[in-house]
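Enquirer: Can you read through this structure? Questions will come right after.
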Amino acid sequence: MSYEPDGHYPSHRGSYPPQGGDGQHQGHPPEGSGGHHQQYPQQPQPYGRQSQHGHSPYGAPPQAPSYDTPRHDGRPYDEYEQTRTYERDYQPASPPQRPRRPSRARRWIIAGASVLALAGIGAGVMAHYEIPPFTDKGKDVSFDTPTGDSRPSGQKQSKSSKVLMPTGPKASFKNAKTLDDGTHIAVTTLEGGKSGFKGKVWVWAPKQYFESEYANSGFPVMIALPGGPGYPTNYWMGADLGLQTSIAEWSKQGKSKPFILAMPVLNPGPDDGGLYWDGSDIPGQPKMGTWLTEDVPNLIKANFRTIKSRDGWAFMGSSTGGFASLKAVLKHPDKFKAAIASGPDIVPDSRLWKGHEKEKAQNNPKVLAKELIAKGGPDVYLAFQVGTAESNANTLPDVKSFIAAYGKGPIHTSLLEIQGGKHSARTYVPNMGKGPIQFISEVMEGPVSD
């Protein structure tokens, strides 16, 4: 199973600090001065006192320099400089005066402004690094009432409605990150009723979800799975990868459905020497397959306005998460319609399958695809994207081989080869907007209303 070293969200470090210089300006000597101090002409003294010889001890008034006269630094005067230099040098000198100290009131104003400026900078830094009380991280988040509309989203609806209103019970969501558009990435701890596994799930709803015109509309859901360890975080919940903002932008452009995102942990424990669970129910292990395909969807149905049919449910993932996404749709085509698999493995290969070959085959995408073709459906849509510079040189050939063998009948596929692309979530997110997100959005529904 391949890993994704460049895709992990740094869960124990704050967001990247703002970039830029040290804020200090570098001084430069006047052009042509050679770095020496500028020599200014001596100012004349007041006139009116004569020397014993009848001449002014201070000399004659200075003459305006001609345009042909070079400056002290060797450059010619321009018209404006010539005029201003003459006027300046012809002014009588004043006796030297001590510099005036600012008034007490002015000093207080300057001090107060400095304190406010420092306070503003400090508050910005603490907000950037999510230091209370300058952040809303950890505050309660609710997804059941549209902005500007006091009506509860749960209302009576006909049995023929495509919309599934929140079924409850309501989960306790805490804010993990507030995005620039005001939407929230929230987190809750879910104790799976079907799997028995307890873990974190991050959620996000697009801005349209909170608009009054969609108060009774159901939205499509995408379950996003990470690669690598996938515990104790899911790196898609990090705003640095831009998954949420990309979906928001793509939906404005008409490329993507405005998906609700569910981002659960992929594994039940930390990575230990390459240990992973293949997003499956491996005998004797936590039931991660049930967690991903039953418990997590049930959490979203309980708290969000969703779509009843499989036309509103999809997966996406990279690396190990790409495999789990591919396998989930092929194993449960009655519940999920589409998947975006980025740099995925094609077959299960966790060492935890040892001694459980039968169960391993039941979670093999090749076996599942063959069975689905034999049944004649239902139709599923699989969008693959793979970099040409993947760390595992077999990834692209394996995906092409799978498409050639099983991309027929009810299994619809697309492949985006990312030229120079690496095995990284940072490669996969921007390229989703170049084909994969459109491929699945065209066959999915939402938002839908009664």
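The values are calculated or read from the model by the stated rules, or taken from the named source; none is laboratory data. What you see is a predicted model; the values in this text were computed from it and never measured. Heads up, the Cβs are rebuilt from the backbone with ideal geometry, glycines too, and the neighbour counts pull from every protein chain shown. Protein only, heavy atoms only, side chains kept; ligands, DNA and RNA dropped before computing areas. Shrake-Rupley method; radii C 1.70, N 1.55, O 1.52, S 1.80 Å.
Enquirer: Averaged per residue, what accessible area in Å² does the range 201-309 show with a 1.4 Å probe, protein chains only?
Expert: I get 27 Å² per residue for the range 201-309.
Enquirer: For the range 237-347, taking Cα atoms only, what is the radius of gyration to one decimal and the Dmax to the nearest whole Å?
Expert: Rg and Dmax of the range 237-347, Cα atoms, are 14.5, 47 Å.
Enquirer: Mind checking the dipole of the range 147-264: about its Cα centre, +1 per Lys or Arg Cβ, -1 per Asp or Glu Cβ, Debye to the nearest 20?
Expert: Approximately 480 debye in magnitude.
Enquirer: So, counting K/R as plus one and D/E as minus one, what does the shell of residues with Cβ under 15 Å around residue 201 add up to?
Expert: +4
Enquirer: Roughly how many nanometres apart are two label points built 7 Å out from the Cα toward the Cβ at residue 142 and residue 110?
Expert: Simple spin-label model gives 5.2 nm for this pair.
Enquirer: Quick check on my link table: of 198/335; 337/422; 207/287, which ones sit more than 29 Å apart, alpha carbon to alpha carbon?
Expert: 207/287
Enquirer: Follow-up. Quick one: go through the range 222-242 and flag any residue whose amide nitrogen is under 14 Å from the point 7 Å out along the Cα-to-Cβ line of residue 180.
Expert: Output list for this probe position: 239-242.
Enquirer: Sorted by accessible area with a 1.4 angstrom probe, largest first, how do 300, 110 fall?
Expert: 110, 300
Enquirer: Counting only Cα, what are the radius of gyration and maximum Cα-Cα distance Dmax of the range 342-407, in Å?
Expert: 13.3, 37
Enquirer: Just to verify a number: FRET efficiency for residue 391 and residue 252, C-beta to C-beta distance, R0 = 22 Å, to 0.05?
Expert: FRET efficiency, residue 391 to residue 252: 0.05.
Enquirer: Report the net charge of residues surrounding residue 183, where surrounding means a beta-carbon distance below 13 angstrom and charges are Lys +1, Arg +1, Asp -1, Glu -1.
Expert: Around residue 183, the charge tally is -3.
Enquirer: Given a Förster radius of 22 Å and the C-beta distance between residue 366 and residue 412 as r, what FRET efficiency does 1/(1 + (r/R0)^6) yield to the nearest 0.05?
Expert: E(calc), rounded to 0.05, equals 0.85.
Enquirer: Here's something else I'd like to know. How much net charge surrounds residue 378 when only other residues with a Cβ under 9 Å from its Cβ are counted (Lys, Arg +1; Asp, Glu -1)?
Expert: Result for the neighbourhood of residue 378: +1.
Enquirer: Okay, next question. Spin-label point model (7 Å from Cα, Cβ direction): what's the residue 450 to residue 335 distance in nm?
Expert: 2.8 nm
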